[in-house]
Amino acid sequence: MLYRRDDEPVDDDAGGRVRRDELTAGQEPFAIILGCSDSRVPAELVFDQGLGDLFVIRVAGNVVAPSQIGSVEFAAALFETRLVVVLGHSQCGAIKATIDELQRPTASQSRNIRSIVDRVRPAVEGLLKTELRHDLKELAQHAVRANIRASVDHLRHGSEILERLVEEEGLMVVGAEYSLETGVVEFLESPA
Ligand SMILES: [Zn+2]
């Protein structure tokens, strides 16, 4: 038996046995989410979705590396899912780590963590050349959004398969930011 956090039994039709049985025949997730691994931003809870609804890829900083592109290609091709949401969030640790690293470079950082920071870096570097560098909080807020937009752009243009799906099959790749403070998801405007 599954329990929600308030220890009420989960309704069978919502996320329990009936739905689980249905899904053994296959899945048709209506959205692919590329989100951050942050424990405070679980995609299904943020969007109030259940089993089989979302195909979720989570990685610190919602960065795009080949395995993330491959996962999106896989879901878009196999399940014909036509919506991809890059879900970043306020107070993202990967963004903070990247800002710290750019301001005070360290040699000791692990190669693996560096591979994440290096993917966030381009979104932050440009902002550090503006007046935003004097206001860390503001800088971090802008960096979160710039990083979401960079991931959206990378997914749209970093894969021939996805590019074709966008042009010919109506695949949408959009960015969104979750606020830890309010619990609200704000969808970012797409570049024209
Ligand atoms: Zn994060």
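Is it the case, given these coordinates, that Glu169 is surrounded by fewer than 14 Cβ atoms within 10 Å (Cβ to Cβ) and either among the acidic types (Asp, Glu) or in contact with a Ser or Thr (Cβ under 8 Å, 6 or more places away or on another chain) (or both)? When the stated conditions are applied, Glu169 passes them. Scan the range 84-91 and give yes if some residue there is farther than 16 Å from Val173 by Cβ and either part of a strand (DSSP E or B) or of a type in the set (A, V, I, L, M) (or both), otherwise no. The answer is yes; a qualifying residue exists. Only one entry in Leu155, Leu139, Leu180 is touching a residue at least 24 places away in the same chain (Cβ under 8 Å) and outside any helix (DSSP H, G or I), namely Leu180. Take the conditions within 24 Å of Glu189 (Cα to Cα), crowded, with 17+ Cβ neighbours inside 10 Å, touching a strand residue (DSSP E or B) at 6+ places or on another chain (Cβ under 6 Å) and of a type in the set (Gly, Ala, Ser) and apply them to Gly61. Does it pass? No; evaluated as a whole, the condition is false for this residue. Output yes when any residue across the range 120-130 is in contact (Cβ under 8 Å) with a residue 12 or more places away in the chain and within 16 Å of the chain's Cα centre (by Cα), and no when none is. Within the range 120-130, one or more residues are in contact (Cβ under 8 Å) with a residue 12 or more places away in the chain and within 16 Å of the chain's Cα centre (by Cα). Here is a check on your reading of the model: is Phe55 free of Cβ contacts under 8 Å to residues at least 60 places away in the same chain, surrounded by fewer than 20 Cβ atoms within 10 Å (Cβ to Cβ) and not in a loop (DSSP other than H, G, I, E, B)? When the stated conditions are applied, Phe55 does not pass them.
If you go through the range 70-80 one residue at a time, do you hit one that is outside any loop (DSSP other than H, G, I, E, B), under 23 Å from Val184 (Cβ atoms) and not small (Gly, Ala, Ser)? The answer is no, given that none of the residues of the range 70-80 is outside any loop (DSSP other than H, G, I, E, B), under 23 Å from Val184 (Cβ atoms) and not small (Gly, Ala, Ser). The set of residues in the range 102-114 that are assigned to a helix (DSSP H, G or I) and loosely packed, with under 12 Cβ neighbours inside 10 Å comprises Arg111, Asn112. The single condition among (1) without any contact (Cβ under 8 Å) to a residue 60 or more places away in the chain; (2) over 17 Å from the mean Cα position of the chain (by Cα) that Glu169 does not satisfy is (1). The residue that is nearest to the chain's Cα centre (by Cα), counting only those in the range 72-101 that are buried (at least 17 other Cβ atoms within 10 Å of the Cβ) and without any contact (Cβ under 8 Å) to a residue 40 or more places away in the chain, is Ala97. Look at (1) crowded, with 19+ Cβ neighbours inside 10 Å; (2) modelled with pLDDT of 95 or more; (3) more than 17 Å from Leu87 (Cβ to Cβ) and you find that Val117 fails only one, number (2). All of Ser67, Ser39 fail the test of being surrounded by fewer than 14 Cβ atoms within 10 Å (Cβ to Cβ), closer than 28 Å to Ile116 by Cβ and more than 16 Å from the ligand (Cβ to nearest atom), apart from Ser67. Give the range 76-118 a look and list any residue that's among the basic types (Lys, Arg) and within 13 Å of the ligand (Cβ to nearest atom), or say none. Of everything in the range 76-118, just one residue is among the basic types (Lys, Arg) and within 13 Å of the ligand (Cβ to nearest atom), namely Lys96.
The values are calculated or read from the model by the stated rules, or taken from the named source; none is laboratory data. Here the structure is a predicted model, which means the values were calculated and not measured. No Cβ is skipped: glycine too gets one built from the backbone with ideal geometry, and neighbour counts run over all protein chains shown.
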